[in-house]
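J.: Mind having a look at this structure? Questions to follow.
What follows is calculated from the coordinates using simple rules that are stated; it is not laboratory data. The structure presented is a predicted model; accordingly, all values stated were derived computationally and were not measured. Note that each Cβ is placed from the backbone with ideal geometry, even for glycine, and that neighbours are counted across all protein chains shown.
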Amino acid sequence: MSVSPTPSTDEERLAQLGYQQELHRRLSGFSNFAVSFSIISILAGAITSYGIAMTAGGPLAITLGWLFVGIMVTVVALAMAEVCSAYPTAGALYWWAAALAKRNKAAWAWFVGWFNFLGEVAVTAAIDFGAAITTAAFLSLTFDMEVTPGKTFLIFLVIIIVHGLLNTFGVSLVRLLSDVSAWWHLVGVAVIVVLLTVIPDQHKPISEVFTEVHNATGFTFAGAGVYAVLIGLLMAQYTYTGYDASAHVAEETHDASRAAPRGIVLSVVVSVIAGFVLLVAITWSIQDYEAERTTSLGLPPAQIFIDAVGHNTGTFLLFICMVAQWFCGMASVTANSRMSYAFARDGALPGSRLWKQVNPRTGTPTNSIWLCVTLSVILVLPSLWNTTAYLAATSIAVIGLYIAYVAPVFLRRRNPDFVPGPWNLGKWSAPIGWIAIVWVLIICVLFVLPTAGPITSTNFNYTIVAVAVVVGAATIWWFASAKNWFTGPKQNLIEQAAHGEPTLPTE
């Protein structure tokens with residue numbers, strides 16, 4: 001699987017991979033990092049899913065759980081980044097699977113692509129729904145608005161439609177805001193940590209911040225506390241999602257074979273460190289655990305802020321989080337639409353001819369943007385009657401994305417002909433790759449398990465249903481039809497010979 005001659009430009013490398021440059025290559029290395037860092041968004045995931053760990057596991061799951069999961073996710077990111085350096089294309093995960101599989105290339109690409117597509121839609125839905133929860137809490141504090149499922153859903157609709165419009169018409173603004181977002185997150189975390197450290201009259205004993213366990217899941221069987229801590233790891237694992245965005249925007253990034261893998265790894269490492277400091281500060285500031293866990297605001301950190309630093313300052317801290325989450329959702333729609341565009345470009349989505357179109361004026365896949373917005377809205381609809389809808393959306397995102405993340409890593413370990421790119425792990429590649437694979441297998445089992453007892457229609461974790469529907473549909477479609485015509489990623493160059501041999505071989 002060699003390529004010759006050695007490419008001197010991003011466009012030449014992309015041509016070797018079989019594609020002509022269609023998207024506008026406008027992103028710097030920092031911008032590439034900023035997209036993934038904004039989607040991970042510790043002020044989004046860690047804030048909106050904080051209540052998950054408060055209920056299941058408590059401070060131990062929130063603080064030490066964050067660090068443990070962060071280490072494991074860094075391992076996954078390192079393994080992904082090595083593959084990304086070799087294949088810097090917008091198709092990313094499913095393209096890598098097709099390039100690395102020794103047999104059944106098309107089948108690997110098909111199923112990895114569908115898991116990635118499911119995860120991207122779910123993470124976009126979860127981010128903007130989380131932003132709606134935070135916005136509703138903010139409006140409740142500032143305008144005494146009653147927080148209801150219906151109002152939260154309407155806020156979600158407004159947020160995700162605005163994100164769709166920005167990605168459609170405000171391309172330059174989206175790029176600028178992605179850079180601003182990275183700094184907003186870092187400065188915002190610093191402000192929150194300082195105020196939560198200085199202002200409160202009292203703090204929890206620091207030992208309890210790292211060792212206290214809470215189990216409010218409703219499960220009382222032997223070992224229920226341990227089970228609760230494990231379920232509570234979803235808070236951290238969900239927050240550490242979306243860093244594949246650096247790969248999906250590789251075709252829009254300068255020096256992509258180096259900048260994109262760096263973006264993947266740095267976005268995770270910076271999030272681990274900054275997120276740990278943030279979560280310790282929030283947990284240390286808890287004044288009344290049960291009252292804040294069950295707050296009518298629907299967002300425990302909002303109540304923690306108010307109780308710890310007062311109404312006005314607490315509302316200001318919530319505002320910082322709300323803006324960060326808005327940035328996060330905007331970046332998620334960007335990444336989601338790029339993956340959908342690439343998958344449609346290769347004919348793998350129903351109506352691919354429509355979704356693969358690129359707006360000639362903006363250089364963006366406009367139709368794919370609105371496909372992702374629409375599907376995210378459908379996924380959030382159950383929130384109108386299901387109290388665990390947000391938790392389910394986060395679980396779906398984790399499972400869909402991480403299966404797609406680790407499948408190419410597995411294939412890379414099985415492919416002795418893999419030629420590393422300029423960014424690689426050297427002798428550490430094998431141990432890091434296998435640890436990443438084992439970790440993903442563990443979380444795929446963990447996050448489909450029941451999260452609340454006794455199990456009812458209102459708290460049922462429908463993650464397994466959503467994953468089964470998508471996987472089942474993709475499987476049926478594959479055996480009924482797609483295996484006869486889907487051959488994996490399609491090259492779109494008119495004259496391949498002018499650019500050297502393509503990397504992706506035929507069966």
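J.: For the chain, what is the mean residue ellipticity at 222 nm derived from helices alone (per DSSP H run of n ≥ 4: -39500 (n - 2.57); sum divided by total residues; nearest 500 deg cm²/dmol)?
T.: Per the formula, -21500 deg cm²/dmol.
J.: Further question: Semi-axes, largest first, in whole Å: what does sqrt of 5 times each Cα gyration tensor eigenvalue give for segment 174-263?
T.: 36, 23, 10
J.: Need the list of lysines near residue 427 for cross-linking: C-alpha distance under 29 angstrom, and skip anything on the same chain fewer than eight residues off.
T.: Partners within reach: 102, 105.
J.: Please report, ordered by residue number, every helix of the chain (full DSSP H runs) that is 20 Å or longer along its axis going by C-alpha atoms and whose mean Kyte-Doolittle hydropathy reaches 0.0.
T.: 64-86, 105-143, 149-169, 171-198, 256-284, 311-345, 366-380, 389-414, 429-446, 463-480
J.: Continuing with the same structure: Hey, if you put +1 on the Cβ of every Lys and Arg and -1 on every Asp and Glu Cβ in the chain, which of 440, 189, 65 ends up farthest toward the positive end of that dipole?
T.: Working it through, the farthest residue towards the positive pole turns out to be 440.
J.: So what is the relative contact order for segment 234-278, in percent, with contacts set as C-alpha pairs under 8 Å and at least six apart?
T.: Numbers: 20 pairs, mean separation 16.6, N = 45.
Result for segment 234-278 is 37 percent.
J.: So, one more: Given Cα pairs under 8 Å that are at least 6 residues apart, what percent is the relative contact order of the chain?
T.: Computed value for the chain: 35 percent relative contact order.
J.: Now, a different point. What is the gain in length, in nm to one decimal, between residue 417 and residue 216 on full extension, counting 0.36 nm per residue of separation less the C-alpha to C-alpha distance?
T.: Values: separation 201, 0.36 × 201 = 72.36 nm, distance 5.05 nm.
Extra length from residue 417 to residue 216 when fully extended: 67.3 nm.
J.: What shape does segment 261-418 take by its C-alpha gyration tensor, where a ≥ b ≥ c are the square roots of the eigenvalues and a/c under 1.5 counts as rounded, a/b above b/c as prolate, and the rest as oblate?
T.: Working: a/c = 2.16, a/b = 1.68, b/c = 1.28.
In terms of gyration-tensor shape, prolate.
J.: In what order do 174, 249 fall by count of nearby beta-carbon atoms within 10 Å, going from fewest to most?
T.: Neighbour counts put them in this order, fewest first: 174, 249.
J.: Further, regarding this structure: Evaluate the distance, in nm, between pseudo-label points positioned 7 Å from the Cα of residue 173 and of residue 28 along their respective Cα→Cβ axes.
T.: Going from the residue 173 label point to the residue 28 one covers 2.2 nm.
J.: Sort 74-83, 236-245 by packing, meaning the average of other beta carbons within 10 Å per residue, with the highest value first.
T.: Listed from highest to lowest mean packing, they are 236-245, 74-83.
J.: Determine the dipole magnitude for segment 25-485: charges of +1 sit on the beta-carbon of Lys and Arg, -1 on that of Asp and Glu, nothing else is charged, the reference point is the Cα centre, and the result goes in debye to the nearest 20.
T.: 1840
J.: Now, a different point. Radius of gyration and Dmax for the chain's Cα atoms, expressed in Å?
T.: 22.0, 71
J.: Same structure, new question: Taking the alpha-carbon distance from residue 151 and a cut-off under 16 Å, which aspartates and glutamates remain once sequence neighbours fewer than 8 residues away in the same chain are dropped?
T.: 128
J.: Let me ask something else about it. Please list the non-local residues whose amide H lies under 5 Å from the amide H of residue 253, H modeled 1.01 Å from N, same-chain partners needing a gap of 5 or more.
T.: 27
J.: Taking other Cβ within 10 Å of each residue's Cβ, how do 72, 145 sort, fewest first?
T.: On the way: 72 21, 145 15.
By the 10 Å Cβ count, ascending, the order reads 145, 72.
J.: Arrange the following residues from fewest to most other Cβ atoms within 10 Å of their Cβ: 332, 337, 85. Display every interim value, and only then the final one.
T.: On the way: 332 32, 337 27, 85 24.
Ranked by crowding around the Cβ, least crowded first: 85, 337, 332.
J.: Continuing with this model, one more query. What is the dipole size for segment 132-231, taken about its Cα centre, with +1 at each Lys and Arg Cβ and -1 at each Asp and Glu Cβ, in debye to the nearest 20?
T.: Values: 3 positive and 6 negative charges, 59 e Å.
With only Lys, Arg, Asp and Glu charged at Cβ, the dipole is about 280 debye.
J.: How far apart, in nanometres, would the label points at residue 165 and residue 319 be if each is projected 7 angstrom from Cα along the Cα-to-Cβ direction?
T.: Output for this residue pair reads 2.3 nm.
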